[in-house]
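The values are calculated or read from the model by the stated rules, or taken from the named source; none is laboratory data. Nothing here was measured: the structure is a model prediction, and the numbers come from that model. For neighbour counting, all protein chains shown are included, and Cβ atoms are generated from backbone atoms with ideal geometry for every residue, glycine included.
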Amino acid sequence: MANENPSGGTGSAQGAHMVSNLRELSHEELADVLGELGAQAFRVKQVEEWLARPEVQSFDAMTNLPKALREALAERYSLSSVAIAATRVSKDGSRKYLVKCASDGTYVECVGLPSSGRLSVCVSTQAGCAMGCAFCATGRSGLSRSLTAREIVDQVGVVRADFGLRVSSVVFMGQGEPFANYDATLAALRILNAPGPKTIGARHLTVSTCGIIPRIRQFSKEPEQFTLAISLHSAVQATRNALMPAVRKYPLTRLHEALQDYAWRTHRRPTYEFAPIEGVNDTTPEVEALVDFCVGTLCHVNLIHLNELEGSPLKPSPAARVRAIQARLERAGVETTIREPRGQDIEAACGQLRQRLEGMGF
Ligand code: SAH
Ligand code: SF4
């Protein structure tokens with residue numbers, strides 16, 4: 001049920017991979033461009049104010065600029081580094097977008113999840129992923145390329161514009177491994193967190209990683225209090241190695257130390273993502289290992305529903321087993337949430353963001 005994006009016609013980046021993005025110009029370059037178009041000097045600041053607002057996706061929205069200048073800019077430049085190519089709407093209200101990067105036509109996916117008038121956005125940090133986790137759809141197709149900070153931030157902009165809602169939180173849980181694209185991820189976090197009317201508090205910006213320890217340590221030392229989530233999925237080394245082969249070089253004992261250090265430095269509680277998989281990580285020894293990993297530390301466990309992959313032997317644990325895992329963790333004093341799956345009918349849920357371009361039936 002892919003449908004045309006309602007705002008696609010107005011997005012200036014449509015089919016715009018030949019056109020450069022005005023948002024990527026430096027102050028000096030922007031001043032030169034406006035000077036060449038005959039605009040007065042004070043227009044530079046006006047344009048910059050518009051460009052700082054990611055929801056501004058068309059030159060027409062820049063209402064204090066003369067129409068001729070808006071048209072001249074629109075002819076020469078795009079505004080966003082990404083444009084919505086297709087949208088799927090879930091019956092629960094969430095929307096999954098296929099977005100196209102203006103620079104080279106790369107596709108990635110992002111999701112908008114509204115709840116009581118507020119909007120949470122899930123963004124991709126890479127097109128594809130090199131990590132190859134056994135349970136994850138993104139990992140199946142390998143890595144195409146990392147995204148730029150602007151491409152990450154502009155996903156928030158297009159989703160915000162499509163919903164017309166205030167964005168209250170952003171999770172970096174779409175395609176890709178954020179810590180394999182650390183600099184762009186950090187830059188994107190900082191743009192989203194920059195003071196202004198659309199600022200998003202650091203605590204409402206969450207980065208999820210498969211556990212790249214040197215980057216977790218680096219992240220712990222950043223001055224902002226961004227939220228960290230870890231794809232844990234097993235606290236038994238052999239099981240985790242099988243499920244997440246790319247991070248076998250970052251063993252659980254060292255991961256545990258790095259997370260303790262994160263909690264100690266930031267006073268923030270890391271979230272552990274754990275998708276119970278029948279007969280794999282939901283057995284008694286597995287659950288006891290998880291309890292040992294968590295107990296006495298600052299953390300919050302999110303039990304997430306495993307989205308099944310076509311042709312995969314990995315199946316989600318039955319609901320009763322998931323509740324029993326939660327009960328066991330809580331008895332040990334470990335705060336645990338069973339996360340309600342959303343957007344399942346549009347494959348927008350975690351781990352299902354995958355490039356499937358044939359016929360845009362993504
Ligand atoms: N690469 C990062 C962020 C993207 S994955 C990471 O691994 O953390 C975002 C979330 O989706 C992670 O918590 C990941 O463990 C989870 N995920 C991946 N495949 C899934 C699946 N099939 N079902 C449920 N969650 C999945
Ligand atoms: Fe990559 Fe995260 Fe998927 Fe693993 S779970 S393959 S790290 S996107």
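Filtering the range 279-323 to residues that are part of a loop (DSSP other than H, G, I, E, B), polar (S, T, N, Q) and within 23 Å of Thr138 (Cβ to Cβ) leaves Asn281, Asn307, Ser312, Ser317.
Right, Arg217: at pLDDT 95 or above and in contact with a His (Cβ under 9 Å, 6 or more places away or on another chain) or not? No; evaluated as a whole, the condition is false for this residue.
Assessment of the range 83-90 against the conditions (within 16 Å of ligand 2 (Cβ to nearest atom), of a type in the set (Ser, Thr, Tyr) and modelled with pLDDT of 90 or more) yields no matching residue. For Gln260, the conditions (1) surrounded by 15 or more Cβ atoms within 10 Å (Cβ to Cβ); (2) under 24 Å from Ile304 (Cβ atoms); (3) in contact (Cβ under 8 Å) with a residue 40 or more places away in the chain; (4) away from ligand 1 (no atom under 14 Å from the Cβ) are fulfilled apart from (3).
One line per residue, one yes/no per condition, for (1) on the phi > 0 side of the Ramachandran plot; (2) within 13 Å of the chain's Cα centre (by Cα):
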site: Ala134; (1), (2): no, no
site: Gly142; (1), (2): yes, no
site: Val156; (1), (2): no, yes
site: Leu165; (1), (2): no, no
site: Val171; (1), (2): no, yes
site: Gly176; (1), (2): yes, yes
site: Ile191; (1), (2): no, no
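Of the residues making up the range 203-231, those that are within 16 Å of ligand 2 (Cβ to nearest atom) and free of Cβ contacts under 8 Å to residues at least 60 places away in the same chain are Val207, Thr209, Gly211, Ile212, Ile213, Pro214, Arg215, Ile216, Phe219, Leu228, Ile230.
Residues in the range 187-213 that are in a helix (DSSP H, G or I) and within 16 Å of ligand 1 (Cβ to nearest atom) were compared, and the one that is nearest to Leu147 (Cα to Cα) is Ala188. Counting residues in the range 56-69 that are within 16 Å of ligand 2 (Cβ to nearest atom), among the charged types (D, E, K, R) and either surrounded by 23 or more Cβ atoms within 10 Å (Cβ to Cβ) or over 29 Å from Ala180 (Cα atoms) (or both) gives zero. Kindly indicate whether any position in the range 279-287 is within 22 Å of Lys221 (Cα to Cα) and within 16 Å of ligand 1 (Cβ to nearest atom). No, every residue in the range 279-287 fails to be within 22 Å of Lys221 (Cα to Cα) and within 16 Å of ligand 1 (Cβ to nearest atom). Entry remark, the range 89-102: residues being touching a His at 6+ places or on another chain (Cβ under 6 Å) and either assigned to a strand (DSSP E or B) or of a type in the set (S, T, N, Q) (or both) number 0 in total.
Just one of (1) away from ligand 2 (no atom under 16 Å from the Cβ); (2) touching a helix residue (DSSP H, G or I) at 6+ places or on another chain (Cβ under 7 Å) fails for Tyr250. It is (1). Answer yes or no: is there a residue in the range 63-81 that is among the small types (Gly, Ala, Ser), closer than 22 Å to Glu151 by Cα, more than 28 Å from the chain's Cα centre (by Cα) and modelled with pLDDT of 90 or more. The answer is yes; a qualifying residue exists.
Only one entry in Arg248, Arg268, Arg254 is at pLDDT below 95 and surrounded by fewer than 21 Cβ atoms within 10 Å (Cβ to Cβ), namely Arg268.
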